[in-house]
Amino acid sequence: QALTNSTDLQFVDRSLAAEEFWHTRDGSESRDVGVALMGEGANKRWQYQIGAYNGTGINKDEKDNSDHMLVGRVVITPFGEVPLLEVDPTRPDSPRLAVGLSAMSLTKGTQALEEEGKELTAGFEVFFQLGGFNLLAEYVSRDEDRSVAIPDDEADVDGWYAQAGYLLANGFGVAGRYSATSRDTAGTEPETTEAGVALSYYFR
């Protein structure tokens, strides 16, 4: 969902789970300095993205450790190309299906100590569209381990959302979404949830 342009979203905002993993600790968006390789298979039935980045966040060229942030994503699209549109006003008459897996490995240093902590993140995504109906969902889990620098400083963060909608031929659309995130830190598991409905109309 973070890869989808804001003008192509079905709601006016991204889900609670997407926002949790899209932003860094300082609140900035997770853009970074690095290199990436992207490609797709024959008939656009699969695509991949791999990259190596500084891992220090947006507009920062300095690094706080010797390792790089490594990311990878592969998406299978058995019926052909699936554009990054949560809803398609053309109401395609053939099915679109995308199933993807992603992963990220990040080593972060600390300012006060010369120790480093590890972050491992993995995600699963699915998207389906046929005619005016669309369904999309994601699940992401991040394991943070900084106990080498700060004893017992570990956190597991999980987030997911499910979203479905229907666009009528006259341009009116309705969608519903439920999203949740949970953070297991120091023996607690606080959970935050959201539920929403979106109404839309396409003039053209």
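The values are calculated or read from the model by the stated rules, or taken from the named source; none is laboratory data. This is a predicted model, so every value here is computed, not measured. Using ideal geometry, Cβ is built from the backbone for each residue, glycine included, and neighbour counts are taken over all protein chains shown. Calculation scope for accessible area: heavy atoms of the full protein, side chains included, ligands and nucleic acids excluded. Shrake-Rupley method; radii C 1.70, N 1.55, O 1.52, S 1.80 Å.
Could you please state how large a percent of the accessible area of the range 32-103 is carbon and sulfur, counting protein chains only and using a 1.4 Å probe? On the range 32-103, the fraction of accessible area on carbon and sulfur atoms equals 59 percent. Averaged over residues, the count of other Cβ atoms within 10 Å places the peptides 160-168, 8-16 in the sequence 160-168, 8-16, highest first.
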